[in-house]
Amino acid sequence: MIRIVIAEDQRMLLGALASLLDLEEDMKVVGRASNGEEAVKLVHLHKPDICIMDIEMPGKSGLDAAEELKGSGCKVMILTTFARSGYFERAVKAGANGYLLKDSPSEELADSIRSIMAGRRIYASELVDEAYSEESPLTEREKEVLVLIADGKNTKEIASELYITTGTVRNYISTILDKLGVSNRIEAIMRFKEKGWFK
């Protein structure tokens, strides 16, 4: 019997997924969580074989929970609406055994769980294609500058932290905006986040 914990913040979907999987003869849902923190607790409590995890949940995200469960012996499958290459890369780094999109056919879910339990990794094909096609256009230094901007630092603070002049910081910022095709710092942070390039 494959024992499953499901983490999903939309109650109706959580109930539907649990009912669907409970119909499978070789599967049993042993825990339901509405966020990443609950998921981690339920995994430690019930010791399931696999945890099916949404990504964007209140409090702790599914990716944070997956990172925390790495090495716990519980396999992790990400089930999300987000086909973002950055999320996918993070999930793979966190050791996720599967990454499926919610618009996949329902029978694919049970089959994927069985495949994962048999030792395979199951990733949505459109993500695999995209993950290898889109890289961040920013250099490491530009990324450092953007991360500091995202942390709320101003030009002067960034300059002193990176041991460069404020003029150099301004040059970096205009290059960043240019490369990302945005008009201000907020949009740059949003674009970078959307693409999942913040690691």
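For region 68-86, which positions are open to solvent by less than 40 Å² (accessible area, probe 1.4 Å) and among the hydroxyl-bearing types (Ser, Thr, Tyr)?
Thr80, Ser85
Scan region 148-199 for residues that are closer than 18 Å to Glu135 by Cβ and part of a helix (DSSP H, G or I) and report the count.
10
Could you tell me whether region 140-147 includes any residue that is of a type outside the set (A, V, I, L, M) and either closer than 30 Å to Ile6 by Cβ or not in a helix (DSSP H, G or I) (or both)?
Within region 140-147, none of the residues are of a type outside the set (A, V, I, L, M) and either closer than 30 Å to Ile6 by Cβ or not in a helix (DSSP H, G or I) (or both).
Please go through (1) charged (D, E, K, R); (2) in contact (Cβ under 8 Å) with a residue 60 or more places away in the chain; (3) open to solvent by less than 30 Å² (accessible area, probe 1.4 Å) for Asp54 and return the number of the only condition it doesn't satisfy.
Exception for Asp54: condition (2).
Specify which of the listed residues (Ala39, Ala33, Ala91) is at pLDDT below 95, buried (at least 20 other Cβ atoms within 10 Å of the Cβ), under 30 Å from Phe192 (Cβ atoms) and touching a helix residue (DSSP H, G or I) at 6+ places or on another chain (Cβ under 8 Å).
Just one listed residue meets the conditions, Ala91.
Out of the residues in region 96-107 that are buried (at least 18 other Cβ atoms within 10 Å of the Cβ) and of a type in the set (A, V, I, L, M, F, W, C), which is farthest from Ala83 (Cα to Cα)?
Only one residue tops the list, namely Ala96.
Taking region 172-199, which residues are farther than 24 Å from Leu63 by Cα and surrounded by 14 or more Cβ atoms within 10 Å (Cβ to Cβ)?
Matches in region 172-199: Tyr172, Ile173, Thr175, Ile176, Leu177, Lys179, Leu180, Val182, Arg185.
In region 70-81, is there at least one residue being modelled with pLDDT under 95, basic (Lys, Arg) and within 19 Å of the chain's Cα centre (by Cα)?
Yes, that holds for at least one residue.
Quick one: what pairs do we get from region 184-199, first residue within 10 Å of Arg84 (Cα to Cα), second at pLDDT 85 or above and β-branched (Val, Ile, Thr), C-beta under 7 Å, 6+ apart or different chains?
none
Let me confirm something: among Ala159, Ala150, Ala110, which residue is of a type in the set (Gly, Ala, Ser) and surrounded by 18 or more Cβ atoms within 10 Å (Cβ to Cβ)?
Ala159
Out of Ala110, Ala83, Ala65, which single residue is touching a Leu at 6+ places or on another chain (Cβ under 8 Å), under 18 Å from Val5 (Cα atoms) and either part of a helix (DSSP H, G or I) or without any contact (Cβ under 8 Å) to a residue 60 or more places away in the chain (or both)?
Ala110
The values are calculated or read from the model by the stated rules, or taken from the named source; none is laboratory data. Because the structure is predicted, anything quoted here is derived from the model rather than measured. All Cβ positions, even for glycine, are placed from backbone atoms using ideal geometry, and neighbour counts span all protein chains on display. Quick note on the areas: whole protein, heavy atoms, side chains included, nothing else; ligands and nucleic acids left out. Shrake-Rupley method; radii C 1.70, N 1.55, O 1.52, S 1.80 Å.
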